[in-house]
Amino acid sequence: MTLPGAPFVARRDGELELEGHSLAALAREFGTPLYVYSRGAMRAALAGYRRALHGRPHLVCYAMKANSSLAVLQTFVEAGCGFDIVSAGELERVLAAGGSADKVVFSGVGKTGAEMQRALEAGVRCFNVESRGELDRLDAVARAAGRRAPVSLRINPDVDARTHPYISTGLKSNKFGIAHGEALATYRYAASLAGIEVSGIDCHIGSQITEVEPYLDALDRLLDLVEAVEAAGVPIRHLDLGGGLGIRYADEAPPAADELVGRLIARLDARGHGARELLFEPGRSLVGNAGVLLTEVLYLKRGTAIDVAAGAARNFCIVDAAMNDLMRPALYEAWMAIEPCRLRADAAERWDIVGPVCESGDWLGRDRMLVVAPGDVLAVLSAGAYGMSMASNYNSRPRAAEVMIDGPRATLIRERETAGELFARERLLAR
């Protein structure tokens, strides 16, 4: 069976490995829960975008909300990438990882005045503006600072990305972007503001998209608008086509990055826009299949055979990772492959993989046919995106440690939190 993340995730003599490193051995060395990432897998995923964009003016801006750990950012800094951010905190992470603000695009519907001011001071490449109210506030902040803020307007093209409703961003019913029908007037307005410099146009329609057609539909609507805006005398210097390309979690078959980008470039060329600078904002597709979450089996709690057969009870495999470590299953009912790090020869049974958190929604996988025993280590695959970046301290649980594999080296890139660190900034009331 081919595993998600192949060829970097594979079995050898029954032992599950990531980039040739035994995951069971890493669990013994660093403890669990543990996130482990392959730097080679990240570089390989980025190479697909680079191949398709070779010879054209472009910037690949890693959408760091997918995974904002400093060593992950460092990997993309060293590869020459820019970054797509949605908060001032993310900007500070980029700078701490050695990134340059002039390769940063600042997205998000709710930028505060303080965030705008900090981004202007740092010299971000562009603000992706999502409403006229935001445009007015950015204009005021920029004028007060004696600057002009470079902006793209994020356009909502009302295109169905055919993905989970929580991660769809390009429909009229979503909170994101400026409606396509209001965009021309908003561009004219932006061009009239003293603190604003129109730079480009932006479109992002969702996440975990597994088809090319929604991207092509959105691109056609965007190009129609570019032609109208430039006919009105407002030049557009770059096209930001967003991100959102999906990965394989189970049996999905998303296009390869070079196939997707190649199809988009062909459409751009056909419509006479091939010379424009292109920006892309991939996140999940760069890191999703580069990571795994390791967790130890604590206890097995079996329902009676009669109750399980009747659907009145289930078999529970209780592990030490929980919804606070990996939120995707609880939040989206996301399916992620779960594999034992070492195979056993016994007959498989059906298990729900659940964590210690005091919520019935605390599960990592349901109805999984596995051979497990207490002390075994399980690997949740395709956990490099929206795992650690969405982790919390619910139930006062310290967040997991993280390890980065880079060829023969396995480096601890985030220490496991301690209980004391959870409340180090809290204060008791005076007695």
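The values are calculated or read from the model by the stated rules, or taken from the named source; none is laboratory data. Note that the structure is a prediction, hence the values are computed from the model and not measured. When we count neighbours, we look across all protein chains shown, and the Cβ atoms used for this are built from the backbone with ideal geometry, even at glycine.
May I ask you to list the residues in region 395-431 that are in a loop (DSSP other than H, G, I, E, B), of a type outside the set (A, V, I, L, M, F, W, C) and either more than 15 Å from M42 (Cβ to Cβ) or in contact with a Pro (Cβ under 9 Å, 6 or more places away or on another chain) (or both)?
R397, P398, R399, P408, E415, R416, E417, T418, R425, E426, R427, R431
Of these, A25, A47, which one is at pLDDT 95 or above, out of contact with any strand residue (DSSP E or B) (no Cβ under 9 Å at 6 or more places or on another chain) and surrounded by fewer than 21 Cβ atoms within 10 Å (Cβ to Cβ)?
None of the other options fit; the residue is A47.
Among L95, L70, which is the only one that is touching a Lys or Arg at 6+ places or on another chain (Cβ under 7 Å) and surrounded by fewer than 21 Cβ atoms within 10 Å (Cβ to Cβ)?
L70
Take the conditions closer than 24 Å to T2 by Cβ, charged (D, E, K, R) and not in a strand (DSSP E or B) and apply them to R344. Does it pass?
Spelling it out, R344 is indeed closer than 24 Å to T2 by Cβ, charged (D, E, K, R) and not in a strand (DSSP E or B).
Within region 65-81, is there a residue that is in contact with a helix residue (DSSP H, G or I) (Cβ under 8 Å, 6 or more places away or on another chain) and assigned to a strand (DSSP E or B)?
No, region 65-81 contains no residue that is in contact with a helix residue (DSSP H, G or I) (Cβ under 8 Å, 6 or more places away or on another chain) and assigned to a strand (DSSP E or B).
Conditions first: (1) touching a strand residue (DSSP E or B) at 6+ places or on another chain (Cβ under 6 Å); (2) outside any strand (DSSP E or B); (3) farther than 26 Å from R28 by Cβ. S392 passes all but one, so which condition is the exception?
The number of the failed condition is (1).
If a residue has to be in contact with a helix residue (DSSP H, G or I) (Cβ under 7 Å, 6 or more places away or on another chain) and crowded, with 18+ Cβ neighbours inside 10 Å to count, how many in region 120-148 make the cut?
Residues flagged as in contact with a helix residue (DSSP H, G or I) (Cβ under 7 Å, 6 or more places away or on another chain) and crowded, with 18+ Cβ neighbours inside 10 Å within region 120-148 amount to 9.
State which residue is farthest from G384 (Cα to Cα) when the search covers only region 413-431 and only residues that are surrounded by 11 or more Cβ atoms within 10 Å (Cβ to Cβ) and either under 23 Å from the mean Cα position of the chain (by Cα) or at pLDDT below 95 (or both).
Per the stated criteria, the residue is E417.
So if I check each of V261, V229, which one is aliphatic (A, V, I, L, M), within 29 Å of L193 (Cα to Cα) and assigned by TED's automatic domain parsing to the domain that holds R188?
Among V261, V229, only V229 is aliphatic (A, V, I, L, M), within 29 Å of L193 (Cα to Cα) and assigned by TED's automatic domain parsing to the domain that holds R188.
Exactly one condition in (1) surrounded by fewer than 18 Cβ atoms within 10 Å (Cβ to Cβ); (2) at pLDDT 95 or above; (3) assigned by TED's automatic domain parsing to the domain that holds P33 is false for A347; which is it?
Of everything listed in (1) surrounded by fewer than 18 Cβ atoms within 10 Å (Cβ to Cβ); (2) at pLDDT 95 or above; (3) assigned by TED's automatic domain parsing to the domain that holds P33, A347 misses just condition (2).
Could you grab me the full set of residues in region 395-412 that are surrounded by 16 or more Cβ atoms within 10 Å (Cβ to Cβ) and touching a strand residue (DSSP E or B) at 6+ places or on another chain (Cβ under 6 Å)?
If the condition is that a residue be surrounded by 16 or more Cβ atoms within 10 Å (Cβ to Cβ) and touching a strand residue (DSSP E or B) at 6+ places or on another chain (Cβ under 6 Å), then A400, A401, E402, V403, M404, I405, A410 are the ones that fit.
Please specify each residue of region 281-304 satisfying the condition of being crowded, with 24+ Cβ neighbours inside 10 Å, part of a strand (DSSP E or B) and β-branched (V, I, T).
Result: V292, T295.
Within region 177-226, how many residues turn out to be in contact with a Lys or Arg (Cβ under 6 Å, 6 or more places away or on another chain) and assigned to a strand (DSSP E or B)?
Selection size over region 177-226: 4.
Would it be correct to say that G99 is at pLDDT 95 or above and either outside any loop (DSSP other than H, G, I, E, B) or on the phi > 0 side of the Ramachandran plot (or both)?
So G99 fails the test.
Here's the yes/no breakdown for (1) in contact with a Phe, Trp or Tyr (Cβ under 8 Å, 6 or more places away or on another chain); (2) in a strand (DSSP E or B); (3) surrounded by fewer than 16 Cβ atoms within 10 Å (Cβ to Cβ); (4) of a type in the set (S, T, N, Q):
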| position | (1), (2), (3), (4) |
| --- | --- |
| E339 | no, yes, no, no |
| D352 | yes, yes, no, no |
| R368 | yes, yes, no, no |
| V372 | yes, no, no, no |
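Could you tell me whether any residue of region 328-344 is at pLDDT below 95, in the same structural domain as A24 (by TED's automatic domain parsing), closer than 16 Å to L300 by Cβ and not β-branched (V, I, T)?
Looking through region 328-344, at least one residue is at pLDDT below 95, in the same structural domain as A24 (by TED's automatic domain parsing), closer than 16 Å to L300 by Cβ and not β-branched (V, I, T).
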